[in-house]
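The values are calculated or read from the model by the stated rules, or taken from the named source; none is laboratory data. Only a predicted model underlies this, so the values are computations on that prediction, with no experimental measurement involved. Glycine gets a Cβ as well: all are built from the backbone with ideal geometry, and neighbour counts include every protein chain shown.
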Amino acid sequence: MTIVDTRREAVVIRVIRREDFDETALSRLLMDAVESGASVGFLSPLSLEEARAYWVQVKASLGRERVLLGAFRNGVLVGSVQLAPAGKANAQHRAEVQKLLVLRRERGRGLGRALMAAVEALAREYERSLLVLDTQAGSAAEGLYERLGYRRAGEIPGYAASAGGGLHATVVFYKLLSVSD
Ligand SMILES: CC(C)(COP(=O)(O)OP(=O)(O)OC[C@H]1O[C@@H](n2cnc3c(N)ncnc32)[C@H](O)[C@@H]1OP(=O)(O)O)[C@@H](O)C(=O)NCCC(=O)NCCS
């Protein structure tokens, strides 16, 4: 568990398990991100049903395939991130970081950075020394990952559809972790 102090209130970052999986709160978080224009796999407007269907799949894959971290302020979900450890026999050292999300009203207070620190700590626990992720070129997340030491593997033009129409480029990042830290 990680405790971050933002706005003088403690935010707790912890693993969300099937037993305490709140699909509605997670759906609101995802819908908020999509509405903000974030490229996280969905187009705006994202309905509650569509968002719930996504989280139902995530819930089913929790365990060896995926770990979900949630950030909670006073028990209310304000952010999340996922670690997907690769399952292939030749990739037991690798994991993907997916869907870093922070509620719009909570952004700019260090939660994104704290969630990334927590997911990296988790990757070390899983002895995953190579993290990969991708994000929309030009997004706030791109700058965040660069400042956190992620290296650009490259940029793929026209990778995904933008909320406002057209296609946008995606940047693929990686980071080598020292698992003995
Ligand atoms: C990306 C995101 C998670 C950042 O969360 P956050 O809580 O605002 O991030 P932080 O407050 O920890 O800020 C981290 C850094 O990014 C910078 N940053 C945050 N928002 C920024 C913005 N809109 N433009 C430029 N820089 C920004 C901060 O200045 C900070 O830099 P520093 O740590 O060097 O001072 C949040 O904007 C978000 O949820 N976006 C929508 C979803 C998304 O795009 N996720 C990425 C999918 S791969």
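Looking at 131, 111, just one residue is within 14 Å of the chain's Cα centre (by Cα), more than 21 Å from residue 65 (Cα to Cα) and of a type outside the set (Asp, Glu), and that residue is 111.
Could you tell me whether residue 84 is aliphatic (A, V, I, L, M), more than 9 Å from the ligand (Cβ to nearest atom) and either crowded, with 19+ Cβ neighbours inside 10 Å or under 15 Å from the mean Cα position of the chain (by Cα) (or both)?
On the way: aliphatic (A, V, I, L, M): yes; more than 9 Å from the ligand (Cβ to nearest atom): yes; either crowded, with 19+ Cβ neighbours inside 10 Å or under 15 Å from the mean Cα position of the chain (by Cα) (or both): yes.
Here the answer is yes, as residue 84 does meet what is asked.
Scanning the stretch 90-133 for residues that are in contact with a Phe, Trp or Tyr (Cβ under 8 Å, 6 or more places away or on another chain) and more than 10 Å from the ligand (Cβ to nearest atom), we see that the one that is nearest to residue 58 (Cα to Cα) is 95. Of the numbered criteria (1) within 23 Å of residue 142 (Cα to Cα); (2) surrounded by 15 or more Cβ atoms within 10 Å (Cβ to Cβ), the one residue 37 fails is (2). Reported count of residues in the stretch 106-137, each being in a helix (DSSP H, G or I) and in contact (Cβ under 8 Å) with a residue 12 or more places away in the chain, is 15.
Quick one: which residue in 52, 18, 66, 14 is more than 16 Å from the ligand (Cβ to nearest atom), basic (Lys, Arg) and within 15 Å of the chain's Cα centre (by Cα)?
On the way: 52 fails: within 15 Å of the chain's Cα centre (by Cα); 18 fails: within 15 Å of the chain's Cα centre (by Cα); 66 fails: more than 16 Å from the ligand (Cβ to nearest atom).
Going through 52, 18, 66, 14 in turn, just one is more than 16 Å from the ligand (Cβ to nearest atom), basic (Lys, Arg) and within 15 Å of the chain's Cα centre (by Cα): 14.
When residue 18 is tested against the conditions (1) touching a residue at least 24 places away in the same chain (Cβ under 8 Å); (2) surrounded by 16 or more Cβ atoms within 10 Å (Cβ to Cβ), the lone failure is (2).
For residue 43, the conditions (1) over 19 Å from residue 116 (Cα atoms); (2) touching a strand residue (DSSP E or B) at 6+ places or on another chain (Cβ under 8 Å); (3) not in a loop (DSSP other than H, G, I, E, B) all hold with the exception of (3). Across the stretch 134-168, the number of residues qualifying as touching a Phe, Trp or Tyr at 6+ places or on another chain (Cβ under 6 Å) and farther than 26 Å from residue 110 by Cα comes to 0. Output the residue which, of all residues in the stretch 55-92 that are among the basic types (Lys, Arg) and in a strand (DSSP E or B), is modelled with the highest pLDDT. The residue in question is 66.
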